Amino acid sequence: MKTLGKKIRLLRHQKSWSQEDVAKQLEISIPAFSKIETGITDINLSRLEQISKLFEMSVVQLLTFNDQEGLESYNTEVENLSQKLHEREAELIDLQKKMIELYEELRSLKK
């Protein structure tokens, strides 16, 4: 069951959900959900169906999807977000430069 727990954790990360978010949706405690992800506890069929619905997939898809594909998708998403963050940081630096220039221009007008 550890492999299934890893898949569930990967799916949760892809949705940017916390363990608390998922536990609330499953109506279980956070420690109980943590035990599912770590493979400490077995998952019964009704819980498996509940989890698969939460991630909008069938039980078969949940049990058989390829971890590597999910990981590659997750890494691609992280790379895209990192690029967007870099672009936003550059925009912020440009705006800061413009604010400084305007502030200096305002100071020179007051003199």
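Rule-based calculations on the coordinates, nothing more; no lab input. Treat the numbers as computed from the prediction; the structure is a model and nothing was measured. FYI the Cβ positions are ideal-geometry reconstructions off the backbone, even for glycines, and counts take in every protein chain you see.
Could you tell me which of the pairs 15/53; 7/35; 7/84; 24/84; 15/84 are separated by over 25 angstrom between their Cα atoms in the structure shown?
Distance filter (> 25 Å) returns 7/84; 24/84.
Apply the Karplus parameterisation 6.51 cos²θ - 1.76 cosθ + 1.60, with θ equal to phi minus 60°, to every residue of region 27-38 and state each ³J(HN,Hα) to the nearest whole Hz, in sequence, with x for glycine and proline.
6, 10, 6, 4, x, 5, 5, 4, 5, 5, 5, 7
For a test of the definition: using alpha carbon positions, the gyration tensor, and the 1.5 limit on a/c, classify region 2-65 as rounded, prolate or oblate. Please report the intermediate quantities before stating the final value.
On the way: a/c = 1.30, a/b = 1.17, b/c = 1.11.
Verdict is rounded for region 2-65.
With contacts defined as alpha carbon pairs under 8 Å and 6 or more residues apart, what's the relative contact order of the chain in percent?
Reported as a whole number, the value is 24 percent.
Among (1) 1.12; (2) 1.00; (3) 1.34, find the value of Rg/Rh (Cα atoms, Kirkwood Rh) that was calculated from the structure presented, and write down its label.
(3)
How many nm is it between the label spots at residue 107 and residue 17, if each spot is 7 Å from the Cα in line with the beta carbon?
5.3 nm
Please check: in the Gaussian network model of the chain (C-alpha springs, under 10 Å), which one of 62, 95, 81 has the largest mean-square fluctuation.
Greatest mean-square fluctuation among the candidates belongs to 95.
Could you line up 9, 88 from fewest to most neighbouring Cβ atoms inside 10 Å?
By the 10 Å Cβ count, ascending, the order reads 88, 9.
Karplus couplings for region 99-108 from phi (6.51 cos²θ - 1.76 cosθ + 1.60, θ = phi - 60°), rounded to Hz, Gly and Pro as x?
In residue order, the calculated couplings are 5, 5, 4, 5, 4, 5, 5, 4, 4, 5 Hz.
If you build a Gaussian network model of the chain, linking Cα atoms that sit under 10 Å apart, which residue out of 93, 51, 40 swings the most?
93
Given a Förster distance of 22 Å, report the FRET efficiency between residue 77 and residue 53 from their Cβ-Cβ distance, rounded to the nearest 0.05.
0.45
If each residue of separation counts as 0.36 nm, what is the full-extension length gain between residue 88 and residue 63 once their alpha-carbon separation is subtracted?
Here the answer is 5.1 nm.
Using a simple spin-label model with points 7 Å from Cα along the Cα→Cβ vector, what separation in nm is obtained for residue 100 and residue 26?
So the two model labels end up 5.1 nm from each other.
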